[in-house]
Amino acid sequence: MMAYTTSSDRPFKQKRRIWAFWVLTVAFVTFQLIAHPGFGPESLFLTLLAQLGTLLIAFGIIGRIWSTIYIGGRKNSALVTQGPYSITRNPLYLFSLCMISGVCLVFGSLLITAIFTLLAYLVFRYTAKREAVYLSHLFAEPYAEYARRTPLFWPNFSNFEWGQAPVISNRALLVTSRDSLFTIAMIPFSELVEYLRESGFLAMAIIVP
């Protein structure tokens with residue numbers, strides 16, 4: 001007898017999310033090369049945006065590491081509901097969104113920050129919903145109960161509980177560290193673009209608020 005599967009029987013193909021973010025990354029780099037924030041390089045507001053962006057990136061990295069420590073190598077094999085997973089079902093996506101917003105703020109444009117944060121959020125939310133369907137099929141009633149008390153994306157801090165000490169996965173931490181380093185690299189890249197523009201090696205096509 002041939003077995004048929006539905007979308008709920010299979011985990012979401014993360015390659016789709018990865019490709020979507022590569023597209024967003026290319027678009028963001030392109031914006032950096034052809035656009036310039038409307039504030040001058042000595043603007044106090046621009047400096048504050050950069051500092052806030054750096055703090056968001058650091059917060060996102062710490063949050064991703066914290067989430068990775070709890071989930072370890074247990075994704076799709078065990079239902080993790082403690083630590084960061086007690087306040088949101090998708091803490092990795094939430095903290096990744098913080099990092100993305102931070103990078104955009106370092107660029108210095110509120111408009112670009114709003115656009116790319118929204119696009120990234122839509123990708124994360126779509127992925128989270130697709131994964132929720134699979135997890136609901138995989139864990140049945142335990143996941144349904146977990147979903148009833150824990151938000152899909154935005155955190156509910158009143159639910160927080162530490163839980164038991166997690167089992168750390170070195171491989172998962174390595175992947176998270178690699179992704180974080182890529183995000184951090186966007187900061188010196190922004191500085192390099194600004195230096196090239198001020199030195200006259202890079203033309204400025206448009207100004208964005």
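Computed from the coordinates by the stated procedures, all read-outs in this text should not be read as laboratory data. Note that the coordinates shown come from a computational prediction; the quantities given were computed from them, not determined experimentally. Here Cβ is always computed from backbone atoms with ideal geometry, including for glycine, and neighbour counts include all displayed protein chains.
Points worth noting:
- Angle between the chain longest axis and helix 14-34 axis [Cα atoms, degrees, rounded to 10]: 10 degrees
- The amide H of residue 163, built 1.01 Å from its N in the peptide plane, has 83 as neighbours under 5 Å, considering only residues 5 or more places off or on other chains.
- For residue 206 and residue 161, the FRET efficiency from 1/(1 + (r/R0)^6), where r spans their Cβ atoms and R0 equals 41 Å, is about 0.25.
- Close amide-amide hydrogen proximity is noted between residue 208 and 36, 38, each under 5 Å apart and 5 or more residues distant or on a separate chain (H modeled in the peptide plane; Pro and chain starts excluded).
- Placing a label point 7 Å from the Cα of residue 149 along the Cα-to-Cβ line, the residues of region 68-87 whose backbone N sits under 20 Å from it are 70-71, 78-87.
- Between residue 111 and residue 47, the contour length at 0.36 nm per residue exceeds the Cα-Cα span by 21.4 nm.
- Once the convex hull of all Cα atoms in region 129-175 is built, its volume per residue stands at 132 Å³.
- The simple Förster model, with R0 at 30 Å and r as the Cβ-Cβ distance, assigns residue 78 and residue 126 a FRET efficiency of 0.80.
- Region 50-141: C-alpha gyration tensor shape, a/c 1.5 cut-off, then a/b vs b/c: oblate
- For residue 136 and residue 181, the difference between the fully extended length at 0.36 nm per residue and the C-alpha to C-alpha distance is 12.9 nm.
- Evaluated at q = 0.11, 0.15 Å⁻¹, the base-10 log of the normalised Debye intensity for the chain, with identical point scatterers placed on the Cα atoms, takes the values -0.60, -0.97.
- Taking the chain and dividing mean pair separation by its residue count, relative contact order in percent (alpha carbons under 8 Å, at least six apart): 35 percent
- Most to least packed among 93-99, 117-123, 42-48 [average Cβ atoms within 10 Å]: 93-99, 117-123, 42-48
- Solution diffusion estimate, µm²/s, Stokes-Einstein, region 13-55, Kirkwood Rh from C-alpha pairs, 4 °C, viscosity 1.567 mPa s: 104 µm²/s
- Packing, as the average of other Cβ atoms within 10 Å across residues, places the peptides 176-188, 52-64 in the order 52-64, 176-188, highest first.
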